[in-house]
Amino acid sequence: MDDSEIWELKRILYEDKKVLVVHKQADVDSLACAIALYYTFPSCRIVTPSSANATAKRVAEHYGLDIGIDKKIEQDERIVILDTCSDNQLGDLLPDIMARMKECIVIDHHSPNPKWKPRYYIVDEKRNSCAEVVYDLLEKMDIRVEGKVAESLILGIITDTAHFRFADSYTLRIFADLLDRTGKKMDVILSILELEGEDDYSKKIANLKGAQRLSFRTYKKFVVAQSQVSSFESSVSRALLLLGADVAFVGAQNDLSIRISARANTTLTDKGLHLGNLLREIGEETGNLGGGHAGAAGLNGTGDVEAILNICVEKTIMELKKLFP
């Protein structure tokens, strides 16, 4: 974007009534971006097609914000889509959004959706979190990022980099700058993310069940694991990496609906493995929607989750054979 486009976008964000749309089962990164814009620009509301995950709900409660589960967007609202790249992630909001896509603003760090033609498509696939893209955008607009805005963006960075496991030096520089601007210490920031009570217990049980149910295949020195749980599949996929897997696929099935979370370590992503591309291809082959980053990706849709997990593992082994013949 050139300077004139940046200033025009800034004018729109200040003057228009806005609905900040985060994806289905919103995570902290998507919600953090919405919170940052909510506290920066006037006349905003935050909506999601279907609730948020447990940690994101906790973050919303911390800021005293109500995340609306909406089926309708008002005609006078400018649509701002955050951390979202697929139709499926928009749920029941999709028809309204697609009808008005030409006037939408999309801010993301995933591969662009070729079907979407918004007025502004602000994407940086090199960034490890959407929060970093929002930070860069506000800086280009000469808007001072501080207070709750800085704090919320830190939360997005921490969670989407798996507590800096997938961070690079640029991410860490942004993080240090934001932390300075909050005037807070790290333990205070992390306390916002800590689950309590039933949610924390459920997450621990999901991680343990995921380990209990895992199966794996190996190629040379690499381990590709898969497992199934009923929830917290993203947390479980990260846990399987900590247990020793190089790549982990964790699925959840609810009737015909399925969700798969995938993680890979940096040893493989640095050599060329890209889970986002892999799950996008599998999604196309199975009639579902997949995508994401090299080291963290997901797939949503319908079908037999065990069968699709098997496909994920098989295709990963094939990729490893290409990378390490």
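Worth a mention:
- The listed residue being touching a Lys or Arg at 6+ places or on another chain (Cβ under 8 Å), not charged (D, E, K, R) and not assigned by TED's automatic domain parsing to the domain that holds SER50, out of GLY298, GLY283, GLY303: GLY298
- Taking each residue of segment 13-40 that is in the same structural domain as LEU65 (by TED's automatic domain parsing) and in a strand (DSSP E or B) and looking for partners that are crowded, with 24+ Cβ neighbours inside 10 Å and acidic (Asp, Glu) with beta-carbon atoms closer than 8 Å, six or more apart or interchain, yields VAL22/ASP83.
- Long-range neighbours under 7 Å by Cβ, at least six apart or interchain, first residue farther than 13 Å from LYS24 by Cβ and outside the structural domain of ASP124 (by TED's automatic domain parsing) within segment 78-98, second at pLDDT 90 or above and surrounded by fewer than 21 Cβ atoms within 10 Å (Cβ to Cβ): none
- Of all residues in segment 80-96, those being modelled with pLDDT of 95 or more and either β-branched (Val, Ile, Thr) or surrounded by fewer than 20 Cβ atoms within 10 Å (Cβ to Cβ) (or both) number 2.
The values are calculated or read from the model by the stated rules, or taken from the named source; none is laboratory data. Just so it is clear, the model here is predicted, and its values are computed rather than measured. In this analysis, Cβ positions are derived from the backbone assuming ideal geometry, glycine residues included, and neighbour counts consider all displayed protein chains.
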